[in-house]
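Chemist: Attaching a single structure in C-alpha cells format; questions to follow.
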Amino acid sequence: MPSQHFSVALFLAIRSIQRGNRFTFFLTVMIMGLVFVNLVFLPSIISGVVVNFNSQSINYNYGNLVIEPRENEVYISGVSEVKQKISQIPGISGSSPRFSAGATYHYHDNQLSGQITGFNPRYEQEVTLIHTKMKDGDFLAEGDTDSIVLGTSLAGNIDERLDQVDSLGGVTTGDSIDVTFSNGVRRTLRVKGIIESGVYSVDRTAFITLKEIESVYGLSDTATILLVKLDGDGQEDKYKRILMEYGIAERIRTYQEKGLGFVNDAIRSFEIINAISTMVSLVIAIVVIFIVIFINTINKRRQIGILKAIGINKNIIVYSYIIQVFIIASCGILLGLLFSSGLVLYLTYKPLMFPGGAVLPVVEAGSIIRSIMSLALVSLISGFIPSWKTANEPILDAIRGN
C-alpha cells in the first residue's frame, strides 16, 4: 500500500473512531480483552497442573528416577549393593529404598484398606520432602519400631463430614491402631505423627520404618522400589543411561514415565476443554467485530459513496476499516494482558485447589503469542468482509442508501 494511501486511510480511521459512539468502542475493547483473557487463562492452568504434578512427583512420590525389580521378580534384592553403585555416580544427591504393600487399618469401629510404605527415614530425607510436612507429632527415626506415621486423609477427622474420602475417623498423635499386613500379620502400632502434604497419594498412605516392614515379611536388604534424587531436574534420561552403564540391571524409569498415564489423561481432558473454549472465544470475537464494522459501514454508506465520488480509492476505505479493527484489537489485547496479569497475580497468592494440590497458573510466552496472533487474525478477517462488501457497492446506490 502506497504511503499516501496509508496516511489517508489512517486519517479516516482515527476520525471515524473519534466521531463514533465511544460507549460502543469501549464495550468492544472490553469484550476483546475478556476474549484474550479466556484464550490465555486455561492454557496457563494446564501448564500449572503439569508443573505441579512434576514437582509433586519428584519431591514426594518418585524422586527423579525410580528403580524397580527386574522382569518377573517382585522385589529388588541386594538393595545395599545397588545403593553402593548409585553413590559412586556424581550428580546424584541421594537414594531411598522403599517397601510398599497392602494393609488394612483398624481404629475403634473403623476399618480401612490402603497402602503402607516402609523406608529408612535418613535415606528418605535425602530424596523427598515428606519429612517437612508434619501436621502434628514427629517424623520417623531410623531405629523406630512399633511406630507409624499417617497421612492426614487416612487419619481423617472425628467429624467425618469434614472428610472428602473415607478415613479412620480422627486418629491423632499418640493413638494406637491395628494394622493387618497383606501376609496376614497383625500388629498394633503407635501413631508418631500426622502428615499433611497436599499430595493425595502421600496423605492417603501410612509410613513405617523399613526395619519394621522387613520384620513383618521376614525379608532383609529388600525393597519394592528405589528412589533416586538428582542434583538438578531435567537430566533424567541422561542419568538413566548412566545407571545402566554402572551395571544396574533392574528396570529404571523416570518420574515422567511412572506418571505418564495419569498425566496424559488429565492433560488430554484439559486440552479438549481448552480447544472448545478457544473456539467459542474466537467465534465471539468474530461476531462482535463483524457486527460493529457492519453496523458502522451501513450507517456510513452515504459517506462512503461520497468519498468514492470525490475520487477516494475504494481500497483506502477498506484499509481505513482494517486500521480501525487493528486499533480495537490492539486495545483489547493490551487490556487483556492487564487483566491476565492481575488474575495471575491473584491466583499466585490464592491458588486454585485441585485434588492433587494447589495449582499456580503458568503463563508461557508461546501461549501469549498464539493468543495475540489468533485474535488479531480473526479480528482483521471479520472486519475486512463487511467493509469490502460496502466499499464495492456502486457509488449511486451507496449515496442513495439503497
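Chemist: Inverting the mean 1/r over all pairs of different Cα atoms, compute the Kirkwood radius of the range 113-197 and quote it in Å.
Modeler: One over the average 1/r among Cα pairs gives 13.5 Å for the range 113-197.
Chemist: Express in nm, to one decimal, how much length is gained between Lys211 and Ser55 on full extension, taking 0.36 nm for each residue of separation and deducting their alpha carbon distance.
Modeler: 53.3 nm
Chemist: Next question, about the same structure. Please give the peptides 242-254, 69-81 ranked by average Cβ packing (other Cβ atoms within 10 Å per residue), highest first, as a rough proxy for protection.
Modeler: Averaged packing, sorted descending, gives the order 242-254, 69-81.
Chemist: Between Phe181 and Val280, what is the FRET efficiency for a Förster distance of 60 Å, r being their Cβ-Cβ separation, to the nearest 0.05?
Modeler: 0.70
Chemist: Still on this structure, please answer the following. Treating the Cα atoms of the range 70-249 as identical point scatterers in vacuum, please give the log10 of the normalised Debye intensity I(q)/I(0) at q = 0.16 Å⁻¹, two decimals.
Modeler: -0.97
Chemist: Something else now. With the cut-off at 1.5 for a/c, could you classify the range 77-149 from its C-alpha gyration tensor as rounded, prolate or oblate?
Modeler: Prolate, because a/c is 1.5 or more and a/b exceeds b/c.
Chemist: A further question follows. Would you mind checking the pairs Lys83/Lys229; Lys83/Lys135; Lys135/Lys192; Lys85/Lys133; Lys83/Lys192; Lys135/Lys258 and listing those with alpha carbons more than 21 angstrom apart?
Modeler: Among Lys83/Lys229; Lys83/Lys135; Lys135/Lys192; Lys85/Lys133; Lys83/Lys192; Lys135/Lys258, the Cα-Cα distance tops 21 Å for Lys83/Lys135; Lys85/Lys133; Lys83/Lys192; Lys135/Lys258.
Chemist: Further question: Length gain on complete extension for the stretch Tyr346 to Ile272, per 0.36 nm per residue less the alpha carbon to alpha carbon distance?
Modeler: 24.1 nm
Chemist: In nm, to one decimal, how far is the modelled label at Asp146 from the one at Phe326, with both set 7 Å along Cα→Cβ?
Modeler: 8.2
Chemist: Right, next: Among His131, Ser215, Val280, whose Cα projects farthest towards the positive end of the dipole of the chain, with charges put on the beta-carbon of Lys, Arg (+1) and Asp, Glu (-1)?
Modeler: Val280
Chemist: So for the chain, averaging the separation of alpha carbon pairs under 8 Å that are six or more residues apart and normalising by length, what relative contact order in percent results?
Modeler: Relative contact order, the chain: 28 percent.
Chemist: Moving to a separate point now. Using mean projected area of the Cα convex hull in nm² as the read-out, say which of [x] 20.9; [y] 19.1; [z] 27.6 was calculated from these coordinates.
Modeler: The value matching this structure is [z].
Chemist: Going by C-beta contacts inside 10 Å, put Tyr319, Tyr123 in order with the fewest on the left.
Modeler: So the residues, fewest neighbours to most, are Tyr123, Tyr319.
Chemist: For the pair Arg241/Arg22, report the inter-label distance in nm, with labels modelled 7 Å from Cα in the Cβ direction.
Modeler: 6.5
Chemist: Could you state the number of Å between the C-alpha centres of the range 86-141 and the range 211-256?
Modeler: Going from one Cα centre to the other spans 15 Å.
Chemist: Also, I was wondering about something else. How do Leu168, Leu343 line up, fewest other C-beta atoms within 10 Å first?
Modeler: The order, fewest Cβ neighbours first, is Leu343, Leu168.
Chemist: Give me the percent of Cα-Cα pairs in the range 26-90 that sit more than 16 Å apart, rounded to a whole number.
Modeler: When every Cα pair of the range 26-90 is considered, 71 percent fall beyond 16 Å.
Chemist: So for the pair Glu81, Leu129, with labels modelled 7 Å out along Cα→Cβ, what separation do we get in nm?
Modeler: 3.6
Chemist: Separate question: If I build a Gaussian network model for the chain, linking alpha-carbon pairs within less than 10 angstrom, which residue out of Gly342, Gly169, Gly48 has the largest mean-square fluctuation?
Modeler: Between Gly342, Gly169, Gly48, it is Gly342 that shows the largest mean-square fluctuation.
Chemist: Taking the Cα centre of the chain as origin, work out the dipole magnitude from +1 charges on Lys and Arg Cβ and -1 charges on Asp and Glu Cβ, in debye rounded to 20.
Modeler: Dipole magnitude for the chain comes out near 2980 debye.
Chemist: Let me ask you something else. List the residue ranges in the chain for DSSP H helices whose C-alpha atoms run 20 angstrom or more along the long axis and whose Kyte-Doolittle average is 0.0 or above.
Modeler: 3-19, 22-56, 260-299, 314-349, 365-391
Rule-based calculations on the coordinates, nothing more; no lab input. On a predicted model such as this, the values are computed, not experimentally measured, just so you know. FYI the Cβ positions are ideal-geometry reconstructions off the backbone, even for glycines, and counts take in every protein chain you see.
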